[in-house]
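These notes concern the structure reproduced below.
The values are calculated or read from the model by the stated rules, or taken from the named source; none is laboratory data. Since the structure is predicted, the reported quantities are computational estimates derived from the model, not experimental observations. With ideal geometry, Cβ positions are generated from the backbone for all residues, glycine too; neighbour counts draw on all protein chains shown.
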Amino acid sequence: MNAIDVANAALEVVDGEAEAVAHVEHSGLARFAGSEVHQPTLIENAMVTLRVVQDTRVGVATTNKIDADGLAEVAERARAAARSAPPDDGFPGLAPPADPPKVEGFDEDTARLGPQEQAKLADAAIDAGGDVPVYGFFTSAMSELAVASSTGLSVQQRMTDATALVVAADENGSGYAEQTAWRAGGIDPALVAQEAAGKARRTRGGGEIEPGVYRVVLEPYAFADLLDYFSHDSFGAVGLLEERSYFAGRLGEKVFDEKISITDDALDPRGLPKAFDFEGTPKQRVELVEHGVARGVVWDRTTAAQSKNGAQSTGHAPPAELRDWGPLPSALSVSPGDAESVEELAELVGDGLYITRLHYLGVVHPREGVITGMTRDGTFRIRDGKIAKPLVNLRFTVAVPDFLRDVLGLTSKAALVNSQNFYGERYPYGVMTPAIASERFAVTGIGSKPGI
Amino acid sequence: MRDVCSAAVDAATGAGAEYADARVVTKRNQFVATKNGRVERLADSESEGIGVRVLVNGAWGFACDRRLSSEGAREAALRACTFARAAAGRHSSRQLAPVAPASATHRTAVDRDPFEVSLDEKVAQCLAADEGMAGPEIVVRQAMVRAQREHKLLLTSEGTEVEQELIECGAGIECAAARDGVFQMRSYPSAHVGSSCQMGWEYVDGLDLSGEAPRVAEQAAALVRADVCPTGMMTVVLDGDQVALQVHESVGHPTELDRVYGTEASYAGTSFLKADDLGSMQYGSDLMNITADPTTVGGLGSFAFDDEGVPAERTAVVEGGLLTGFLTSRETAARIGAGNGGSMRADGWNRMPLVRMTNLHLEPGSGTLDDLLADVSDGVYMETNRSWSIDDKRLNFQFGTQIAWEIKAGKLGRMLRDATYTGITPKFWGTLDAVAGRDSWRLYGLTNCGKGQPGQSAHVSHGAAPARFRDVQVGVGT
């Protein structure tokens, strides 16, 4: 059964107002460590979530038993949940019928990849590591999302995604690289491993520096992570409504350097395109920051109904199990700059730091956008405009608005960085960003040397 | 379900697997959440399927299928063997520590089955607590309760057949206050989706969410007016909740032997520990005693057998400050030549078991929180985790708490906000100079421990009491 058939079958067993969201996954992930595959995982699953509405009382139930008995059971559990819910005057109603935009994001060749091919592509990465052992995975998947409801809504999308991710590391150094795309053919696991291994070789003998505020170049991997964490509180409607967002009270104001423009653009064929959200509302391209000016956040139907300013859903409703997080961006895209390369950014920095990747970020102060974390797998000093000696891993504590206030430059090319760690159901998303150079990056501690 | 498991194991061994195990898992979750007097989420989810793990020519393979039929089981087993064969060729020889085949059943003891408690009652509990947090400057009030029942049957090609039903539930409240651009949160009994326990609904009832709600709101409102925590080297006393997180991040993860061997390097990271540190590495002061105990009553990491069929056993990880144990699988135990595993857990039927914490405790010392404070002339007392970050080797950490108080001449003084502290793991544990006693020791249950690719979320508990650390770096500049 494909996803829309599952959704329609679920909807049929409910009388009255209801919505069914079906999510189907066929995936394989060949995980390797120390240059051997050690955790190969193949997943076959189909989930359906029924949202039943009884006079503004809303109940939700989910199952992966999609035969007639299973669907009857899930319908009864959803009805029972609705009966226990108090009336909700703020319920915006189910989404009306929609004609979502046509998007890219499905590739037959990627969908056909099986365990043999997935293992072979992992093998290509392992071979390319050379003298540096590699740790990482190759994964590919075909997933489907469909939403059908009693309003007549019926939308479906087939998606493919593939990622090759490599940490190359030995006792003295480590490097990182990844490629993500909806076409596996656009990914070269060997190249990913070579990039990671090359960087690992350059990190050997990392030295220490004094904590302080430095100029910095962040590779797309690092900037994507920083921006993703900042977005959780600041680019979603819940953060704005609850005054947790840095944008609360600042919409329309210049908050960042004018070189910074950020959208959430799930329609971009260079990313991991999505046509609609988990309520079936068509995806919109949302202007979040335009030349440094805070322009908006993303909305779903629930938060739009709570808005006092007539906001409309932008197509960012999350899946049912994440509904209390509210709408969040899932296709962040940073406008590129003029720099031809990261080396050119290093020239702009002159004296500072070069950072490949971040690790284990934590939000210290959501309202001020302060985030802490560690650098990892490729941290270097920039001296005289050149990427120079390797450094140990560094702890940073950065107010993202400060980091983005004085931007020295961005590269002209952007990269798609995978943001899904494949928890729960497969739903590929990522951040499209160039590398960035900034005036301010606060190093607040010294960590361990790179290496395994 | 035994027939389904058996079909998978037979298919795998018939296809050449030298070892195979099959787990049929059915998991049901209920979750009720309210926000600002409105039910935000009322959900009841169920997922079932079979996961088959095989060892073919020394290479692992894992495949799963939602269909609980002989056909689904056999197909999953054959896919797992195909993946293992495709991945074979460069693997080293793989030994598994021996374990005696077991046949057993186990069920969490409960007074009130959480799934027998009506959704009406659950909604009412949340709304009552939500209402109890109302007040000026409170901009967000949230309450949640949850329940989970996981039934699993494990069959292995070595003859183990273990059936377990694990029941857990949890609850929590949280509110946020905002004033003049200052935003502060306060939670009970823990942040990040409350606290959970492997018990019946009596656990949730005992938390008395409604009774605690006014205090939580008062503290949130007071925090927006509180002074920012000062920075500097000072004595820090942590409440049990924050000690639990400290144990989790800086002892639990680094002692997972798969991290030590590098198999988690591409995601969660590795460890500053080496295998040969066992028995020789001084992890902390002599007051530091850490045990891994999957037999703890109420622990989220409690079971009779892990997901490899190894019986639950309490083991010492740190004794008198000395590293004496790792958390292991059968494979890593064989590699290090100590123990037989016992820490392998999978997040449901569609994930491969990984080395995970079970219940990891800081053993109690003596005295009370007041006794710990009494011996501090100038310091900070911190309560309830707010932020956490630690490096990939689990050495350099920075944690923040929701609330703090200055300690002056052995007594708590003014309330402080935005408190953080930072350190290097063994150095920090070396400054431990007091742990409160058994009467202050509590079990804290976390449901958001991430690891693995594809990602897996584990539920683990930590027993902890307030503890005192000297010469800690408090605060950082930005």
I'd like the residue in the stretch A:55-78 that is more than 9 Å from chain B (Cβ to nearest Cβ) and in a helix (DSSP H, G or I) and, out of all such residues, is farthest from A:Pro189 (Cα to Cα).
A:Glu76
Test: residue in the stretch A:32-44 that is surrounded by 24 or more Cβ atoms within 10 Å (Cβ to Cβ) and more than 7 Å from chain B (Cβ to nearest Cβ):
yes
Hey, could you check the stretch A:265-294 for residues that are under 17 Å from the mean Cα position of the chain (by Cα) and part of a strand (DSSP E or B) and say which is surrounded by the most Cβ atoms within 10 Å (Cβ to Cβ)?
A:Phe276
I'm trying to understand the selection: among the residues of the stretch B:293-343, which are touching a Lys or Arg at 6+ places or on another chain (Cβ under 7 Å) and under 20 Å from B:Glu158 (Cβ atoms)?
B:Asp306, B:Asp307, B:Glu308, B:Val310, B:Glu331, B:Asn340, B:Gly341, B:Ser343
One residue from B:Ala464, B:Ala434, B:Ala458, B:Ala409 being within 14 Å of chain A (Cβ to nearest Cβ) and either on the phi < 0 side of the Ramachandran plot or modelled with pLDDT of 95 or more (or both)
B:Ala458
Report yes if some residue within the stretch B:317-333 is modelled with pLDDT of 95 or more, within 14 Å of chain A (Cβ to nearest Cβ), over 26 Å from B:Val99 (Cα atoms) and surrounded by 21 or more Cβ atoms within 10 Å (Cβ to Cβ); otherwise report no.
no
Which of the residues belonging to the stretch A:437-452 are within 7 Å of chain B (Cβ to nearest Cβ), among the small types (Gly, Ala, Ser) and either surrounded by fewer than 22 Cβ atoms within 10 Å (Cβ to Cβ) or more than 16 Å from B:Ala268 (Cβ to Cβ) (or both)?
A:Ala442, A:Gly445, A:Ser448
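Can you tell me how many residues in the stretch A:374-392 are touching a residue at least 40 places away in the same chain (Cβ under 8 Å) and either facing chain B (nearest Cβ under 8 Å) or part of a loop (DSSP other than H, G, I, E, B) (or both)? Explain how you work it out, then say what you get.
We begin by selecting, within the stretch A:374-392, every residue touching a residue at least 40 places away in the same chain (Cβ under 8 Å); these are A:374-382, A:386-387, A:389-392.
Imposing the further condition that a residue be either facing chain B (nearest Cβ under 8 Å) or part of a loop (DSSP other than H, G, I, E, B) (or both) reduces the set to A:374, A:376, A:392.
Within the stretch A:374-392, residues that are touching a residue at least 40 places away in the same chain (Cβ under 8 Å) and either facing chain B (nearest Cβ under 8 Å) or part of a loop (DSSP other than H, G, I, E, B) (or both) number 3.
Could you please let me know if A:Arg405 is closer than 30 Å to A:Pro319 by Cβ, of a type in the set (Lys, Arg) and outside any strand (DSSP E or B)?
no
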Per the list (1) over 22 Å from the mean Cα position of the chain (by Cα); (2) closer than 22 Å to B:Gly445 by Cβ; (3) among the acidic types (Asp, Glu), residue check on B:Asp347 breaks on (1)
Residue under question is A:Gly105, and the condition is that it be under 23 Å from the mean Cα position of the chain (by Cα), more than 7 Å from chain B (Cβ to nearest Cβ), outside any strand (DSSP E or B) and in contact (Cβ under 8 Å) with a residue 24 or more places away in the chain; does it hold?
yes
I need the full set of residues from the stretch A:393-423 which are surrounded by fewer than 21 Cβ atoms within 10 Å (Cβ to Cβ), at the interface with chain B (Cβ under 9 Å from one of its Cβ atoms) and in contact with an Asp or Glu (Cβ under 7 Å, 6 or more places away or on another chain), in order please.
A:Ala399
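Taking the condition more than 11 Å from every other protein chain (Cβ to nearest Cβ), touching a helix residue (DSSP H, G or I) at 6+ places or on another chain (Cβ under 9 Å) and either touching a residue at least 24 places away in the same chain (Cβ under 8 Å) or at positive phi (or both), does B:Ile403 pass? First the steps, then the outcome.
Working: more than 11 Å from every other protein chain (Cβ to nearest Cβ): yes; touching a helix residue (DSSP H, G or I) at 6+ places or on another chain (Cβ under 9 Å): yes; either touching a residue at least 24 places away in the same chain (Cβ under 8 Å) or at positive phi (or both): yes.
Against the criterion (more than 11 Å from every other protein chain (Cβ to nearest Cβ), touching a helix residue (DSSP H, G or I) at 6+ places or on another chain (Cβ under 9 Å) and either touching a residue at least 24 places away in the same chain (Cβ under 8 Å) or at positive phi (or both)), B:Ile403 qualifies.
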Count of the stretch A:1-54 residues which are in a loop (DSSP other than H, G, I, E, B), farther than 30 Å from B:Ala265 by Cβ and of a type outside the set (D, E, K, R):
5
Sole exception among (1) under 30 Å from A:Gly175 (Cα atoms); (2) buried (at least 24 other Cβ atoms within 10 Å of the Cβ); (3) in contact with a strand residue (DSSP E or B) (Cβ under 6 Å, 6 or more places away or on another chain) for A:Ala18, by number:
(1)
Tell me which residues, restricted to the stretch B:222-277, are in a loop (DSSP other than H, G, I, E, B), within 25 Å of B:Val435 (Cα to Cα) and under 18 Å from the mean Cα position of the chain (by Cα).
B:Asp239, B:His253, B:Pro254, B:Thr255
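With respect to A:Val58, determine if the residue is touching a residue at least 40 places away in the same chain (Cβ under 8 Å), within 23 Å of B:Asn29 (Cα to Cα) and out of contact with any Gly (no Cβ under 8 Å at 6 or more places or on another chain).
Numbers: touching a residue at least 40 places away in the same chain (Cβ under 8 Å): no; within 23 Å of B:Asn29 (Cα to Cα): yes; out of contact with any Gly (no Cβ under 8 Å at 6 or more places or on another chain): yes.
Taking the combined requirement at face value, the residue does not satisfy it.
Are any residues in the stretch A:293-311 without any contact (Cβ under 8 Å) to a residue 60 or more places away in the chain and touching a Phe, Trp or Tyr at 6+ places or on another chain (Cβ under 7 Å), and if so, which ones? Give the steps one after another, and end with the answer.
If we filter the stretch A:293-311 for residues that are without any contact (Cβ under 8 Å) to a residue 60 or more places away in the chain, which is where we start, we get A:293-296, A:308-310.
Selection gives A:Ala294 alone.
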Segments classed as strands (runs of 3 or more DSSP E), wholly inside the stretch B:1-106, with at least 2 members that are more than 9 Å from every other protein chain (Cβ to nearest Cβ) and of a type in the set (A, V, I, L, M, F, W, C)
B:19-35, B:38-56
If A:Gly136 satisfies all but one of (1) at negative phi; (2) in contact (Cβ under 8 Å) with a residue 40 or more places away in the chain; (3) out of contact with any His (no Cβ under 9 Å at 6 or more places or on another chain), what's the number of the condition it fails?
(1)
Among all residue pairs at least 6 apart or on different chains, which show Cβ distances below 6 Å where the first residue, located in the stretch A:83-97, is in a loop (DSSP other than H, G, I, E, B) and the second is among the small types (Gly, Ala, Ser)?
A:Ala85/A:Gly59; A:Gly90/A:Ala305; A:Pro92/A:Ala305; A:Leu94/A:Ser149; A:Ala95/A:Gly280; A:Pro97/A:Gly152
Among what's in the stretch B:319-342 and is in contact with a helix residue (DSSP H, G or I) (Cβ under 7 Å, 6 or more places away or on another chain) and among the hydrophobic types (A, V, I, L, M, F, W, C), pick the residue that is farthest from B:Ser280 (Cα to Cα).
B:Leu327
Go through (1) out of contact with any helix residue (DSSP H, G or I) (no Cβ under 7 Å at 6 or more places or on another chain); (2) within 14 Å of chain B (Cβ to nearest Cβ); (3) not basic (Lys, Arg) and name the single condition A:Gly310 misses.
(2)
Which of the residues spanning the stretch B:289-299 are assigned to a loop (DSSP other than H, G, I, E, B) and surrounded by fewer than 24 Cβ atoms within 10 Å (Cβ to Cβ)?
B:Asn289, B:Asp293, B:Thr295, B:Thr296, B:Val297, B:Gly298
Go through the stretch B:45-65 and report how many residues are buried (at least 24 other Cβ atoms within 10 Å of the Cβ) and under 23 Å from A:Val48 (Cα atoms).
6
Output the residue which, of all residues in the stretch A:159-198 that are closer than 21 Å to A:Gly430 by Cα and surrounded by fewer than 18 Cβ atoms within 10 Å (Cβ to Cβ), is modelled with the lowest pLDDT.
A:Gly186
